[in-house]
Each structure stands twice: as structure tokens, then as C-alpha cells.
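To start, the structure itself, in C-alpha cells.
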Amino acid sequence: MMKLKRLMMVLFILVMIAGCGKDDDNNTTPKLKTEREYVLYIDFWNPDGNNPQISFDAENSSPEIRIDFDQTFAGVAEPPNLTKVLIDNVRIIDANFINYQIDGITAYEFRNDINDWKIDVEFVMEYEPIGDLNVMLVLDASASLDDDFLKIKEFASNFVTRIFEESPSAKIGIVDFSDVIHSYPLSNNENALIGYISGIEQGPFTTLYEAMNTGIDVLQQNQADGKAILTFTDGTDNNSDPQYTPEYLYQKLTGDSSSILINSFTVGLEGNGGIDKPVLEDLAANGGVARFPTTINELELIFEKFSESISNVYNLTYIRNQQLIPEEAPARLKFVFQAKPK
């Protein structure tokens with residue numbers, strides 16, 4: 001009898017423990033977001049000590065790090081004995097289009113004397129979120145959108161709100177297009193921007209390339225630490241002047257002589273007017289991304305994710321001494337980013 005009582009007591013305690021564990025799973029603090037690592041490989045040279053430059057090893061770098069891998073960044077000498085190279089408009093976006101925030105960067109340099117990578121504690125890569133951000137939203141208002149256009153305007157308004165939530169000092173401008181192009185200048189007045197979006201009316205035709213050119217012009221004519229353009233369409237261009245071609249726009253985006261390039265994001269909604277995927281993929285330039293949702297629900301999610309990606313942007317600064325390093329024998333650098341989902 002005594003053994004039976006003891007057995008019943010043990011079973012009761014086990015049930016209580018199991019129950020507490022279950023309650024904890026339901027009511028506890030949220031799980032921490034998983035931190036991941038991404039790697040950026042860089043060649044660095046400084047032939048005369050005063051003109052540092054870097055280029056990227058795109059083949060070995062993590063593709064999630066969104067920068068223009070074809071670009072060479074030049075820096076400046078900073079007395080008495082330092083150099084700095086700024087890499088602007090950097091984002092981390094994975095294959096599922098999830099945006100990551102940077103929590104730390106560890107610098108390494110390849111040392112020929114040991115034939116291996118060595119942690120570099122003297123020369124570092126600093127990172128800083130960009131607050132001074134200019135964004136142009138280019139919206140298709142063609143008749144092919146039919147009743148979906150009301151949803152498009154809702155998504156665009158939510159996009160504006162989320163940008164300001166993430167980056168309160170940002171400025172946003174609007175370009176809407178059909179047979180004609182209208183625009184609203186860069187502004188930090190959220191209510192005015194949303195009011196403008198609500199008043200956009202549909203029209204025939206798709207003046208896509210010319211409207212995108214208008215948005216690029218606005219960004220290139222204004223100064224900011226970060227610049228981005230998001231272009232949405234459900235069709236192909238059929239109304240722009242002949243000079244505005246995809247090649248013209250691509251060269252304008254990638255060949256900008258200013259120090260801050262525009263990150264170009266594109267969205268093509270399939271199933272209505274018929275989109276040109278290769279064109280939109282090419283025009284997602286300078287570290288931007290192209291997406292092709294097939295439903296309105298998918299499109300809403302894309303607007304939401306792109307608002308996070310566009311607002312969560314960093315400037316990187318590589319700081320090093322003025323050691324002479326020839327271009328034909330550059331220093332080989334590796335930077336490991338510790339990052340977690342935004």
C-alpha cells in the first residue's frame with residue numbers, strides 16, 4: 001500500500017512538471033531571432049598612401065549582402081595617419097527577401113607569412129544605419145489594374161507609413177503614371193503623401209520608362225546619405241518617348257557620377273497586363289531586388305518587405321593606416337557580418 005502511494009505521488013509530480021513546461025511554452029518570452037553570419041571579401045590598395053581604393057570579390061562574398069559588386073570605392077586620407085573608405089547603401093537581404101540588421105562586423109586580413117586569415121583588431125569596418133534617406137515610389141496607374149488599383153493605393157500608403165516608422169527623418173516622393181506622368185516632390189509629410197496617393201486616378205497606357213526616369217532625376221538632383229527607388233507595374237512600357245529605354249535607365253542608375261548610387265527595387269505583378277521580367281530584373285540595380293508576385297495578397301507582402309529593406313540600410317566605413325599598398329598586390333580582406341532578421 002505504501003509503495004502504491006509513493007508511485008501515485010511520483011506520477012502526480014511528473015504530471016505537474018509536464019503541465020508547467022507546456023504553459024511555459026505557450027506564455028513565455030519570445031524566442032530570440034537567430035543570428036547568422038555573412039561574408040564580404042575585399043581587395044584594398046593605396047599606392048601613394050593618400051588614395052585608398054577597394055573592390056569586391058563578388059564570387060566568394062555572400063550574395064545576401066546587397067551592394068554594387070562591380071563598383072570600385074575610393075576613399076580619402078585623414079591626417080595624421082589614417083585612411084577611410086565609405087561603402088554606402090548596404091543592405092542584407094536573403095533568398096526569402098528577409099531583411100537583416102547588422103549586430104557586428106569582424107575584420108580579417110590574409111597574411112602570406114602564415115598562409116591564413118588573421119583577425120585584424122587595428123583596421124576595422126565600422127557600420128552605421130542611414131537616417132538621411134530619400135525614396136521615390138513609382139506607381140503604375142494604368143487601366144489594366146482594374147479594381148485592384150484601390151488595393152495598390154492602400155499598399156503604397158502603408159509603404160509610406162512603414163518607411164517613416166523605421167526612418168523618421170526620411171523623405172519620400174511619388175511618381176504615378178499611365179498615359180500621363182504626375183509626381184509629388186520629396187517630403188517628410190506623411191499625411192500629405194498619403195492624401196496624394198488616395199487621389200491618384202487611373203488612365204490608359206503604360207509610360208513606365210519615362211516615369212522611372214522622372215523618379216531617378218529627383219533622387220539624383222537631391223542630396224542624401226541613402227537613395228532608393230521602388231517601381232511597381234503590372235505591364236510593359238507602351239507609351240514612353242523612344243529615348244527612354246531599359247538600357248538608358250540602367251546606365252543612368254549605374255553610371256551616376258555622384259558618390260551615392262540609387263538602390264533600385266522593382267515589382268512586376270503578373271496576370272494583368274503582362275510584365276517583362278528580364279527588363280525589371282536588369283533595372284533592379286545597385287544592390288536592389290526584383291520581385292514578381294502573382295496575386296494581390298503576395299503583392300501586399302512584397303510592399304511590406306521592401307519597406308523594411310529600403311529603410312534598413314547602412315553605410316560601412318573601412319579605416320586603415322596610410323601604408324603603401326600597390327594595386328597589383330592588394331591587401332586581401334574578409335569581413336564577417338553578424339546579423340539577425342529585422
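The values are calculated or read from the model by the stated rules, or taken from the named source; none is laboratory data. Every value quoted in this text rests on a predicted model; they were computed, and no experiment measured them. Positions of Cβ are backbone-derived with ideal geometry, glycine not excepted, and every protein chain shown enters the neighbour counts.
The single condition among (1) touching a residue at least 24 places away in the same chain (Cβ under 8 Å); (2) part of a strand (DSSP E or B) that residue 159 does not satisfy is (2).
Quick check, is residue 301 in the same structural domain as residue 233 (by TED's automatic domain parsing) and surrounded by fewer than 20 Cβ atoms within 10 Å (Cβ to Cβ)? Taking the combined requirement at face value, the residue satisfies it. Restricting region 73-93 to residues that are outside any strand (DSSP E or B) and not small (Gly, Ala, Ser), the residue that is nearest to residue 257 (Cα to Cα) is 79. If you go through region 216-262 and keep only what is assigned to a strand (DSSP E or B), over 19 Å from residue 133 (Cα atoms) and not hydroxyl-bearing (Ser, Thr, Tyr), you end up with just 232. Against the list (1) part of a strand (DSSP E or B); (2) surrounded by fewer than 14 Cβ atoms within 10 Å (Cβ to Cβ); (3) aliphatic (A, V, I, L, M), the condition residue 175 fails is (2). The criterion of at least 1 residues that are of a type in the set (Phe, Trp, Tyr) and in contact with a Leu (Cβ under 9 Å, 6 or more places away or on another chain) is met by the following strands (runs of 3 or more DSSP E) wholly inside region 94-146: 99-111, 124-129.
Which of the residues that make up region 257-283 are surrounded by fewer than 17 Cβ atoms within 10 Å (Cβ to Cβ) and of a type outside the set (S, T, N, Q)? 270, 271, 274, 276, 277, 278, 281, listed by residue number. Residues in region 46-91 that are under 25 Å from residue 36 (Cβ atoms) and of a type in the set (Lys, Arg): 66, 91. Looking across region 85-119, the residues that are in contact (Cβ under 8 Å) with a residue 60 or more places away in the chain and more than 23 Å from the chain's Cα centre (by Cα) come down to 108, 109, 110, 117.
In region 198-215 there is at least one residue matching the filter, namely being in a helix (DSSP H, G or I), in contact with a helix residue (DSSP H, G or I) (Cβ under 9 Å, 6 or more places away or on another chain) and farther than 16 Å from residue 285 by Cβ.
Looking across region 312-338 at every residue that is within 18 Å of the chain's Cα centre (by Cα) and among the β-branched types (Val, Ile, Thr), the one that is farthest from residue 131 (Cα to Cα) is identified as 317. Cβ-Cβ distances below 7 Å connect the following pairs, each with a first residue in region 127-143 that is charged (D, E, K, R), a second residue that is assigned to a loop (DSSP other than H, G, I, E, B), and a separation of six or more residues or different chains: 132/169; 132/224; 132/225; 140/206; 140/234; 140/235.
On inspection, residue 140 qualifies as out of contact with any Cys (no Cβ under 6 Å at 6 or more places or on another chain), assigned by TED's automatic domain parsing to the domain that holds residue 302 and closer than 18 Å to residue 293 by Cα. Annotation note: of 77, 58, the sole residue that is touching a residue at least 40 places away in the same chain (Cβ under 8 Å) and either within 30 Å of residue 190 (Cα to Cα) or surrounded by 13 or more Cβ atoms within 10 Å (Cβ to Cβ) (or both) is 77.
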